Amino acid sequence: MQSPYEVWARFDVEKELERVDEAEQREQQVKDQEKKVVEKRRVEDSISRSTEQSAEVLAAQAAVAALKAKGRGRRGQTRKAATTSQQEELDVNVQSGEIPKEPVAIDELERRAQLMKRKHDLIMEILAMRRTADAKVKEASEGSTAKWLEAQLHYEKAIEAVKALEEMIPHLQEIDAEVANTSTSQPHDVHGHDDHKEHSAHESKDGKSHDHHGGCGSGCSRSHKHRPKKPKDTEASLPKPNDVKAVVTMFAKDCYLGLGTCELAQRRLAAASEAFKEVLLRDQNHVQAWMQRGAAFEAMGAPLLAWLHYNRVTGMEPSFDEGKQCEERIKTKLAHGKGHSTSDHSAEVSHNTSSSLKSRLDAVRLLVDEGHVIMVEGFYAYAITKFEAALQLMEALTSDDAFAPHSSVARPIIDKLRVACHLNIASGYYEMQKGYAVGRRHCLAALQIDPKHAVTLFRLAQIDRVAHDYEQALQYLDKCTAALTDPTSDTIDKIARERDKCLFEQSQYDAVYIRHQLNAIKEAGS
């Protein structure tokens, strides 16, 4: 049995203090998060009440204006008996604005009331859908994985309402500006209300008044000193209820972040990255969106792209432990030469040959979508592995005996996907400025499926041009022009620019062409 001294000698005090500090930090983070949730809900309720009150006020104003117009209409029959001076006085009042031109005023008030009511209805729908989705996410995170899809559907409905509200922003801002102008143009009671405010502002609790031009006294300084301050992060993230654009942005960020979380949990990685991208387009300093999008790219098998996202997180929050751990993990993976390997996710999808036809087609679409997302980011090598995996899966699918009964329906879909994959692989090699021979083979494979695919012919012409086969490139440009079914001016201009570039480079770098031109000049001179 060890003595207490031996136990104490092996006790690591520094390690225990670090553990206690980490536990306190986690506890404080949980408290801060709960506080943010409560504050956010309070702001959301305030937004809802403010919008509802505005809609009710505008509806009441429109109703009152309509009743006044109706009453004046009944009295209008006696206008013929009025004297000339009375009639002129009434017209002057109408022109001065004391009596509004009722048809215009009523229509405008009704329009404002309808817009405000629509705004309130959309906000209530967003809050209801998002809060229900948040509850489903909580259930799913506790083990009920089937709730992810339910939460996703609620987030999508909330996003539809957010988009409708975004379209209304210019009209709502116009209403706010008109209401503000109306309120500022109204006369103020400077001899009553303002004097009372001035008196109360310069009178202390003990009844003594303070000098207007001197210091405000110790009581004023104490009130400033002990004035409570809101947390900086809460002030920066939560909008004011009357700032419609900021309110819509807040709702959009919340809904897209929740949608991305659901997509990520269901391994729809491309859709998840696009949802997080929508958050970052609205707030480029959103740490959680950067983290989650990095996790999506890491799961796709694009570690370098994931590392850039994690690095952005550690740059914004140097003390964020999770971000530092993810960044170090990716560094280790890249240091061991795993930066260009196909992810386990891609291998799992591409080798899943025991599923149904629909699930295997869905797997192909997932790989193609991931390739598109990564290619847009400019990481062509990662994207090429996705398209190659999709081609392998389609090859295994079409060679399966179970595919034959569904060939007439599924073949056109698969052929279109195969052409897209071949073309994207060729585009990747063209953009990387290497592997032109491999890219050319993929273009030819796409032409075997669709010989008149204009985009493939154009890409093949570009590859032949950079490979200095100018005559072949010009021939493919001619075929591309002939294959166009509905050419637009932009398409024709693009082909013409490529042709001019090809002719110029041929005149500069093609020795056979230059020699032929020199011989032609000599023969013409002789």
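The values are calculated or read from the model by the stated rules, or taken from the named source; none is laboratory data. This is a predicted model, so every value here is computed, not measured. A quick note on method: Cβ atoms are made from the backbone with ideal geometry, for glycine too, and the neighbour counts reach across all protein chains shown.
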- Message: Looking at Pro451 and the list (1) in contact with a helix residue (DSSP H, G or I) (Cβ under 6 Å, 6 or more places away or on another chain); (2) assigned to a loop (DSSP other than H, G, I, E, B), which single condition is not satisfied?
- Response: (1)
- Please work out if Thr398 is in contact (Cβ under 8 Å) with a residue 12 or more places away in the chain, in the same structural domain as Asp362 (by TED's automatic domain parsing), over 33 Å from the mean Cα position of the chain (by Cα) and surrounded by 13 or more Cβ atoms within 10 Å (Cβ to Cβ). yes
- Item | Matching option when the condition is within 24 Å of Asn424 (Cα to Cα) and at pLDDT below 85, among Ser343, Ser319 | Ser343
- Could you pull out the residue among Ala420, Ala437 that is of a type outside the set (Asp, Glu), farther than 15 Å from Val364 by Cβ and in a helix (DSSP H, G or I)? Ala437
- Task: Would you tally the residues in segment 458-473 being aliphatic (A, V, I, L, M) and surrounded by fewer than 18 Cβ atoms within 10 Å (Cβ to Cβ)?
- Result: 2
- Message: Among the residues of segment 402-412, are any assigned by TED's automatic domain parsing to the domain that holds Gly378, in contact with a Leu (Cβ under 9 Å, 6 or more places away or on another chain), without any contact (Cβ under 8 Å) to a residue 60 or more places away in the chain and under 17 Å from Ala461 (Cβ atoms)?
- Response: no
- Complete set of residues in segment 240-266 that are among the polar types (S, T, N, Q) and farther than 27 Å from Ser141 by Cα: Asn242
- Restricting attention to segment 398-406, does a residue exist that is closer than 20 Å to Ile449 by Cα, touching a Phe, Trp or Tyr at 6+ places or on another chain (Cβ under 6 Å) and in a helix (DSSP H, G or I)? no
